[in-house]
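The values are calculated or read from the model by the stated rules, or taken from the named source; none is laboratory data. Just so we're clear, the structure is a prediction, and the values are computed from it rather than from any experiment. Note: ideal-geometry Cβ built from the backbone for every residue, glycine included; neighbour counts use all protein chains shown. Only protein heavy atoms, including side chains, enter the accessible area calculation; ligands, DNA and RNA are left aside. Shrake-Rupley method; radii C 1.70, N 1.55, O 1.52, S 1.80 Å.
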Amino acid sequence: MSASEGNKNTEPWGGFDDNLIQGTGSAVIDMENMDDTSGSSFEDMGEMHQRMKEEEEVTAEAAATEEDNGNDGEFLGMKGLKGQLGRQVADEVWQAGKRQASKAFNLYANIDILRPYFDVEPVQVRNRLIESMIPIRMINFPQKIAGELYGPLMLVFTLVAILLHGMKTSGTVIREGTLMGTAIGTCFGYWLGVSSFIYFLAYLCNAQITMLQMLSLLGYGLFSHCLILFITYNVHFHSLFYILWLVIGGLSTLRMVAVLISRTVGQTPRLILCGTIAALHMLFLLYLHFAYHKIIEGILDTLEGPNAPPIQRVARDLPSIVNVVNATVKSLAAAAMNSQ
Amino acid sequence: MAEVDEPGKPLFAGLSDVSISEDIPVEGDISVPVGSQNVDDVFSTLDEPVKDTILRDLRAVGKKFIHVMYPKQSSALLRDWDLWGPLLLCVTLALMLQGGSADSKEDGGPQFAEVFVIIWFGSVIITLNSKLLGGTISFFQSLCVLGYCILPLTVAMVVCRLVLLGFTGTISFIIRLIVVTASFSWSVFASTAFLADSQPANRKALVVYPIFLFYFVIGWMVLTFSPSQ
């Protein structure tokens, strides 16, 4: 039946089926992109493609079963008819099941939905990386934010790799399993969690920004984190870290803040939004440099107490301020444990 | 077999020197044997002894190993992909990385699973990335190539374990660093030799970068392996 409908279409791309216009089997009906075959209405393209494939398969199956019908029917007589019937039923069940499964797969696991967000050139990625460090001056009209996910995703993975590398150069040999898990969890958690939180705040503050743009903006802001951590894990000067934190971190924060200001109206909303993102951005870098392996060591030390620590550490020369931080956290943790 | 029957040949004898094909009647039936349509023939490999099946699969895996060690521009790895080789390599690597925790109480469990998950999920993410960037390679072909290109890092793991048995201290670290760096660059080079062709020309760098990160993480795990005392 679908084969006969398919024969009515004369265009090579399938024409306008009734099913297509009514949108049967599509979770999202993208009305405005019906005749746009550039690939933007992915569910419809997937559905058409699937139907065309199925028509070919059905005609091929029909041709094959016709031959089998002819051969087996006249050769095996009555028994052949029963065997033939059983085989046909099994074939029908198989085809129906396959059709359902592939329809569901095309509907929900269609990675083509993400395809336009990865449509970048290396030059564009490089330009956006550099632009993420340059604060803009024009805040009077909304600044354009590139909505792509390739750059931010690669930056998150790079941050994970740099954190792992940093664990090695700092001499801490923790069980590899938990290290990898916490690195990936931290970076992805920051990117996705803080993006969602700022998007929620932006929704409350009436800022003109979409979730994709927020993910992209914050993701490119991680470029400064990658740079600073890469440098300071190899050159162990704490004063250098503070300078880089202020300069490079500050530039990247200023860029994000300027973009958000240009898309928000009113003093208070601007203050809330930009203050939050600036605080989270800078504090995350502080956390990654100092606390990620230092405070964790401190807490583990306190929690495990008299037991033989399973972790072997090589102590670094710490400046006095970090000693103070470490001691504070230790005493806080000890106090918390004593009060329980 | 085609039979060309020309019953009117004497009639057209005079025109034999004129090469007009439509004047020459061609009759007969052309029946091309489609092959015995018996369904059972397709599954004939079920009847062979198990040893034959295993040896055939092992030989295919071995041939692909050779393709990885000497990466030329051949499409054998892509044409008949299989996931036996990547599974073997992944399990070997995960087993060898297992004895490296200093805490013998929780030996084995998290590490084997972590290595396994990282390798397979990393491969899936790289494959998705290359497909989203417009690659023409299929999902399992890409998994196959990425899995097979872990071979140099597995070899490096074996060498590192041997080095750790023999030497200690800075010398062993330097040797291991050189070995791991060499095998890591070999892996990246081998996988790009297979995968980069399926991408549009100007986006090769976008596909190579995550592969670089992936093998960097695996190489980092190999390098920082230190056996329990």
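Peptide packing: for A:266-279, B:176-189, the average count of neighbouring Cβ atoms within 10 Å per residue gives the ranking B:176-189, A:266-279, highest mean first. Using the Cβ-Cβ distance between B:Ala182 and A:Ile231 with R0 set to 25 Å, the FRET efficiency from 1/(1 + (r/R0)^6) comes to roughly 0.45. For the segment B:129-142, counting C-beta atoms of other chains within 10 Å of every residue's C-beta and taking the mean gives 2. The spread of Cα positions in region A:243-283, taken along each principal axis and listed from longest to shortest, comes to 33, 16, 10 Å.
Per the accessible-area calculation with a 1.4 Å probe, the total area buried between chain B and chain A rounds to 2700 Å². What the Kirkwood sum gives for region B:87-229 is a hydrodynamic radius of 15.8 Å, with every pair of different alpha carbons counted. Please give the net charge around A:Leu260, taking every other residue with its beta carbon less than 14 angstrom from that of A:Leu260, where Lys and Arg add +1 and Asp and Glu add -1. My count for the surroundings of A:Leu260 gives +4.
Using θ = phi - 60° in the Karplus curve 6.51 cos²θ - 1.76 cosθ + 1.60, the 3J(HN,Hα) couplings for region B:207-223 round to 7, 6, 4, x, 5, 4, 4, 4, 6, 4, 4, 5, x, 4, 5, 5, 5 Hz; x is entered for Gly and Pro.
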